[in-house]
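Visitor: Following this message is one structure expressed as structure tokens.
The values are calculated or read from the model by the stated rules, or taken from the named source; none is laboratory data. None of the values given here were measured: they were computed from a predicted structure. When we count neighbours, we look across all protein chains shown, and the Cβ atoms used for this are built from the backbone with ideal geometry, even at glycine.
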Amino acid sequence: MPETGGIILGIDLGTTNSLGAYMTAAGPVVVRDAGGAALVPSVLAFGPDGQVTVGRQAKAHAVENPLSTIYSVKRLMGKSLKDVAEDLRVLPYAIKPGPNDTVLVDVAGSGRTPQELSAMVLEDIRRRAEAALGVKITQAVITVPAYFDDAQRQATRDAGRLAGLEVRRIVNEPTAAALAYGLDRKSDSCIAVYDLGGGTFDISILRCSEGVFQVLSTNGDTRLGGDDLDRELIDMLTGEIRARFGEELEFGPATRQALKAFAEEAKVRLSDYQQAKVQVDLGGGRVFERIITRDEFEARAAKWIDHTLEHCRRALADAGLAPGDIEEVVMVGGCTRIPLVRRRIAEFFGRNVYTAVNPDEVVALGAAVQAGILAGMKRDTLLLDVTPLSVGIETLGGGMGKLIMRNSAVPCMASETFTTCIDNQSAVDIHILQGERELAADCRSLGRFVLRGVPPMPAGMPRISVTFLIDANGILNVSARELKSGVEASVQVTPSHGLTAQQVDAMVKESYAHAMEDFEAHRVIDLRNEATRVINAIEKALGARGHVLAASDRARLDQAVADLKAAMKSEDGDAIDAAMRAANEAAQALTADQMNDVLRQTATGRKISEF
Amino acid sequence: MTDHNDAPAPASAGKTIPFKCAKCDAPLGRPLVCDACHTLNASAMLTDYFTLLGLPRQYELDGQQLHRSFIDLCRHSHPDHAQNDSPKVQELHLRVSATLNEAHRTLKDPVRRAEYLLELLGGQSSAQDKRVPDGFLGTMMMMQEELAEAKAGGDAREAGRIASVMRTQRDGLMKRISNLFEEHRLAVSCEAVRKDLLDEIRRQLNAVAYVRKLLSQVEGVHA
């Protein structure tokens with residue numbers, strides 16, 4: 001495959017679905033397969049032979065093989081076991097604690113990090129794009145919910161690296177959507193992007209003028225989305241099933257997967273119809289049937305929509321605007337198809353909501369636009385984003401001392417000077433926090449670092465300036481120097497909920513090693529399949545017209561076929577390839593005769609004048 | 001990291017910047033960007049935020065002009081548009097961008113702008129001078145009591161009324177601050193008078209901070 005023509009792939013890595021898009025001179029284009037499908041379910045299925053399938057096929061596999069079908073991995077990114085306790089209730093696969101207060105997904109006895117699992121989805125998206133474009137892709141822009149914290153962003157970037165992609169930028173999903181929607185806008189206006197996806201909710205307020213997209217504020221909840229609406233329906237169904245068939249009824253993983261699938265389908269159906277019928281086979285002749293009406297669904301969904309409105313209010317307050325100041329409301333994410341969502345948001349902003357472009361694809365399109373900007377293809381467009389959460393450090397007494405306020409435009413920088421409290425102290429311990437609460441314990445711990453190499457001085461004398469930089473990805477970088485001596489102190493932040501740089505490096509190396517093995521394994525499988533086709537074709541031809549071959553040709557062909565069958569048993573791709581070529585060549589006399597025969601048959605019954 | 005990785009400290013404000021572009025020698029119309037060759041001028045970051053954004057160094061400012069100037073400078077300095085440049089140039093774009101963002105954030109918000117300008121003019125910080133205008137604390141105490149009563153009685157309407165009185169109070173203080181800055185700007189008088197004006201601004205700003213904090217608590221309850 002030719003090397004990348006500088007193409008940076010835009011990837012929307014979603015909780016439920018993922019997809020890729022790329023920039024062309026005419027605008028961003030979504031990657032589609034031969035059947036025209038763009039969305040790839042973010043689902044992984046692990047076969048008993050260790051083979052991994054991604055997407056639609058994996059999703060189909062979910063009910064029959066619930067323990068080895070993994071979905072909603074995005075909910076686990078950059079999280080600790082405690083963080084995801086609520087999700088464990090509904091996820092059929094097993095989760096266990098990982099290093100640095102992270103989680104591991106238990107797949108057939110081995111623990112996989114959410115980063116690795118997301119990398120498999122990303123790799124699939126990359127392969128699809130490579131197949132569609134015919135070039136190798138090594139760079140990407142990946143989108144994340146605007147309200148993702150530092151650990152979640154880093155985890156996403158690490159997943160990209162594990163998938164063999166240089167992540168040129170992490171872009172916020174609502175901002176990406178605005179880029180895709182507002183490309184032709186020239187006048188100065190304020191817009192709101194309401195993004196309710198499978199597992200996350202974001203609201204962003206932007207000011208757009210002449211190609212510059214300035215985010216004024218953002219708010220949201222990284223644990224609120226379509227999954228919660230599904231869960232409402234699942235809870236309703238399980239409650240009623242137990243009421244009918246006995247409270248002690250246990251739901252196995254397969255039933256839970258089935259319920260999840262039914263709930264999702266019913267939710268989607270209820271956007272277009274007034275009711276949806278659900279039928280659950282519980283085994284032993286017990287069948288549960290239920291018609292869910294849209295009114296019932298809306299009654300259960302209402303509280304979640306109210307939560308999103310609360311976030312909208314906060315975002316507007318931070319932007320210093322009132323609902324009436326918003327000139328356009330853009331809806332993104334599959335859940336914005338729900339009539340109740342559209343109705344409530346339209347009421348809140350007092351205007352019609354806008355959903356012209358496919359809400360499932362607009363984020364990927366925006367990522368492609370940002371990729372175009374980074375590649376230098378678009379100089380007239382510029383994105384100015386903000387950091388969603390305040391960043392600070394733990395102060396004496398367990399307080400949170402904010403250094404960078406939420407909704408500050410990125411990149412942004414803040415410096416703080418520290419000193420020592422005992423004579424000749426050579427190290428200072430610093431705890432970095434993210435969040436809006438007053439107490440350190442209530443904020444998210446991003447990591448700790450020890451400032452080493454402080455020159456020996458009396459207590460209170462050293463002046464150590466620590467600089468916190470949030471880059472355009474919304475990711476924090478820390479550097480430090482002692483001002484009196486000018487000594488650069490080393491800063492190695494140990495992430496509280498993530499992988500260290502070394503761990504990621506090790507995993508990348510391992511995945512390269514595996515990638516070679518995987519590649520060889522795939523090739524052998526493909527070659528075997530092709531060899532089987534060749535043998536079948538030869539045997540069929542021999543049956544039909546074996547008599548036309550000279551005895552020596554026949555012997556040579558039989559030998560070649562036997563050699564090929566033997567080679568197929570080995571794991572050596574080159575040997576299979578060589579044997580297949582030999583067999584094809586030995587069959588040439590046969591195929592040549594076949595060709596002539598075909599010509600003869602075609603010619604028979606036609607008049608000479610027709611040639 | 002170089003020596004100037006911090007936001008420009010007001011102490012170094014007012015330093016003269018080169019009149020010519022370091023790269024193409026063209027005369028500079030504005031401190032940050034050379035209009036002839038679009039090179040960023042790193043020493044522009046030593047100047048104050050007003051100068052950096054091409055605005056007069058005064059409290060009253062034209063919001064539209066601030067926005068236009070900020071956006072225009074972003075177009076020239078954003079790291080996204082320096083992706084194919086050397087790491088050194090990229091680093092400069094990153095620092096300039098971060099400084100511009102901070103300058104914009106400071107000047108856009110009236111209270112932050114007032115604090116910054118006061119510091120530029122040599123006024124005291126809130127840590128150095130904690131005084132508030134005469135009678136202010138008494139008024140505030142009364143309001144807080146009324147508010148506590150309204151909350152205890154579950155009277156949301158009364159709480160809303162008090163919040164609106166507080167907002168009026170805050171707006172009045174800001175207006176006074178604006179007038180004081182204008183007076184200071186136009187004053188042809190001795191140092192002592194000018195210092196008195198700055199001290200008065202300090203007291204008014206301390207009062208604003210107090211009201212703002214109360215308001216955020218009230219509005220937090222309502223939100």
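Visitor: Pull up the range B:178-223, narrow it to residues that are charged (D, E, K, R) and within 14 Å of chain A (Cβ to nearest Cβ), then point me to the one that is nearest to the chain's Cα centre (by Cα). If you could, list the steps in order and put the result at the bottom.
Guide: In the first step, residues of the range B:178-223 are kept if they are charged (D, E, K, R); the result is B:182-183, B:185, B:191, B:194-196, B:199-200, B:202-203, B:212-213, B:219.
Checking which are within 14 Å of chain A (Cβ to nearest Cβ) leaves us with B:212-213, B:219.
Numbers: B:212: 16, B:213: 18, B:219: 23 Å.
The qualifying residue nearest to the chain's Cα centre (by Cα) is B:212.
Visitor: If only one of B:108, B:20 is more than 14 Å from chain A (Cβ to nearest Cβ) and basic (Lys, Arg), which one is it?
Guide: Result: B:20 is the single residue among B:108, B:20 that is more than 14 Å from chain A (Cβ to nearest Cβ) and basic (Lys, Arg).
Visitor: Look at residue A:381 and say whether it is away from every other protein chain (no Cβ under 14 Å) and surrounded by fewer than 21 Cβ atoms within 10 Å (Cβ to Cβ).
Guide: Details: away from every other protein chain (no Cβ under 14 Å): no; surrounded by fewer than 21 Cβ atoms within 10 Å (Cβ to Cβ): yes.
The answer is no for residue A:381.
Visitor: Report whether or not residue A:204 is closer than 29 Å to residue A:362 by Cα, in contact (Cβ under 8 Å) with a residue 12 or more places away in the chain and surrounded by fewer than 23 Cβ atoms within 10 Å (Cβ to Cβ). Explain how you work it out, then say what you get.
Guide: Values: closer than 29 Å to residue A:362 by Cα: yes; in contact (Cβ under 8 Å) with a residue 12 or more places away in the chain: yes; surrounded by fewer than 23 Cβ atoms within 10 Å (Cβ to Cβ): no.
Answer is no for this residue.
Visitor: Also: Only one of these is more than 21 Å from the chain's Cα centre (by Cα), within 18 Å of residue A:198 (Cα to Cα), outside the structural domain of residue A:144 (by TED's automatic domain parsing) and in contact (Cβ under 8 Å) with a residue 12 or more places away in the chain: A:258, A:254. Name it. Let's see the steps before the verdict.
Guide: Numbers: A:254 fails: within 18 Å of residue A:198 (Cα to Cα).
Of A:258, A:254, the one residue that is more than 21 Å from the chain's Cα centre (by Cα), within 18 Å of residue A:198 (Cα to Cα), outside the structural domain of residue A:144 (by TED's automatic domain parsing) and in contact (Cβ under 8 Å) with a residue 12 or more places away in the chain is A:258.
Visitor: Is there a residue being within 14 Å of another protein chain (Cβ to nearest Cβ) and part of a loop (DSSP other than H, G, I, E, B) anywhere in the range A:426-433?
Guide: Residues of the range A:426-433 that are within 14 Å of another protein chain (Cβ to nearest Cβ), as a first pass: none.
So far as the range A:426-433 goes, no, none of its residues is within 14 Å of another protein chain (Cβ to nearest Cβ) and part of a loop (DSSP other than H, G, I, E, B).
Visitor: Of (1) part of a helix (DSSP H, G or I); (2) in contact (Cβ under 8 Å) with a residue 60 or more places away in the chain, residue A:29 satisfies all except one. Which?
Guide: (1)
Visitor: Test residue A:59 against the criterion of being touching a strand residue (DSSP E or B) at 6+ places or on another chain (Cβ under 9 Å), at pLDDT below 90 and buried (at least 20 other Cβ atoms within 10 Å of the Cβ), and give yes or no. Lay out the reasoning, then the answer.
Guide: On the way: touching a strand residue (DSSP E or B) at 6+ places or on another chain (Cβ under 9 Å): yes; at pLDDT below 90: yes; buried (at least 20 other Cβ atoms within 10 Å of the Cβ): yes.
Criteria met by residue A:59.
Visitor: Yes or no: residue A:235 modelled with pLDDT of 90 or more, crowded, with 17+ Cβ neighbours inside 10 Å and not in a loop (DSSP other than H, G, I, E, B)?
Guide: Taking the combined requirement at face value, the residue does not satisfy it.
Visitor: Give the residue that is nearest to residue A:42 (Cα to Cα), with candidates limited to residues of the range A:59-98 that are in contact with a Phe, Trp or Tyr (Cβ under 8 Å, 6 or more places away or on another chain) and assigned to a helix (DSSP H, G or I).
Guide: A:59
Visitor: Considering only the range A:1-52, state which residues are of a type in the set (Val, Ile, Thr) and modelled with pLDDT of 90 or more. I'd like the intermediate steps shown before the answer.
Guide: At the first step, the residues of the range A:1-52 found to be of a type in the set (Val, Ile, Thr) are A:4, A:7-8, A:11, A:15-16, A:24, A:29-31, A:40, A:43, A:52.
A:7, A:8, A:11, A:15, A:16, A:24, A:29, A:30, A:31, A:40, A:43 - these are the residues of the range A:1-52 that are of a type in the set (Val, Ile, Thr) and modelled with pLDDT of 90 or more.
Visitor: Looking at the range B:37-45, is at least one residue in contact with a His (Cβ under 8 Å, 6 or more places away or on another chain), within 14 Å of another protein chain (Cβ to nearest Cβ) and modelled with pLDDT under 85?
Guide: Keep residues of the range B:37-45 that are in contact with a His (Cβ under 8 Å, 6 or more places away or on another chain), which gives B:38, B:40, B:42, B:45.
Imposing the further condition that a residue be within 14 Å of another protein chain (Cβ to nearest Cβ) reduces the set to B:38, B:45.
Then keep just the ones that are modelled with pLDDT under 85; that gives B:38, B:45.
Yes, because at least one residue in the range B:37-45 is in contact with a His (Cβ under 8 Å, 6 or more places away or on another chain), within 14 Å of another protein chain (Cβ to nearest Cβ) and modelled with pLDDT under 85.
Visitor: Just checking, which of A:188, A:221, A:228 is surrounded by fewer than 24 Cβ atoms within 10 Å (Cβ to Cβ), free of Cβ contacts under 8 Å to residues at least 60 places away in the same chain and either touching a His at 6+ places or on another chain (Cβ under 7 Å) or not small (Gly, Ala, Ser) (or both)?
Guide: Values: A:221 fails: free of Cβ contacts under 8 Å to residues at least 60 places away in the same chain; A:228 fails: free of Cβ contacts under 8 Å to residues at least 60 places away in the same chain.
None of the others qualify; the one that does is A:188.
Visitor: Which residue, of A:466, A:454, is within 14 Å of another protein chain (Cβ to nearest Cβ), farther than 26 Å from residue B:216 by Cβ and either not in a strand (DSSP E or B) or not aromatic (Phe, Trp, Tyr) (or both)? Walk me through how you get there before you give the answer.
Guide: Working: A:454 fails: within 14 Å of another protein chain (Cβ to nearest Cβ).
Going through A:466, A:454 in turn, the sole match is A:466.
Visitor: Testing residue A:337 on (1) buried (at least 20 other Cβ atoms within 10 Å of the Cβ); (2) over 21 Å from residue A:190 (Cα atoms), one condition comes back false. Which one is that?
Guide: Only one criterion is unmet by residue A:337, namely (1).
Visitor: Could you tell me which residue of the range A:295-334 is nearest to the other protein chains (Cβ to nearest Cβ), considering only residues that are buried (at least 20 other Cβ atoms within 10 Å of the Cβ) and touching a Gly at 6+ places or on another chain (Cβ under 7 Å)?
Guide: Checked the range A:295-334; the qualifying residue nearest to the other protein chains (Cβ to nearest Cβ) is A:333.
Visitor: Suppose the filter is under 23 Å from residue A:131 (Cβ atoms) and crowded, with 21+ Cβ neighbours inside 10 Å; does residue A:76 pass it? Even if it seems obvious, please write down each step before you answer.
Guide: Numbers: under 23 Å from residue A:131 (Cβ atoms): no; crowded, with 21+ Cβ neighbours inside 10 Å: yes.
So residue A:76 does not fit the description; no.
Visitor: Condition first: under 24 Å from residue B:114 (Cβ atoms), assigned to a helix (DSSP H, G or I) and not acidic (Asp, Glu). Can you find one or more residues in the range B:74-94 that meet it?
Guide: Taking the range B:74-94 and keeping what is under 24 Å from residue B:114 (Cβ atoms), we get none.
Taking every residue of the range B:74-94 in turn, none turns out to be under 24 Å from residue B:114 (Cβ atoms), assigned to a helix (DSSP H, G or I) and not acidic (Asp, Glu).
Visitor: So which residues in the range B:65-92 are at the interface with another protein chain (Cβ under 9 Å from one of its Cβ atoms) and either in contact with an Asp or Glu (Cβ under 8 Å, 6 or more places away or on another chain) or not charged (D, E, K, R) (or both), if there are any at all?
Guide: Once the filter is applied, which keeps residues that are at the interface with another protein chain (Cβ under 9 Å from one of its Cβ atoms) and either in contact with an Asp or Glu (Cβ under 8 Å, 6 or more places away or on another chain) or not charged (D, E, K, R) (or both), the range B:65-92 yields B:67, B:70, B:71, B:74, B:78, B:79, B:81, B:83, B:84.
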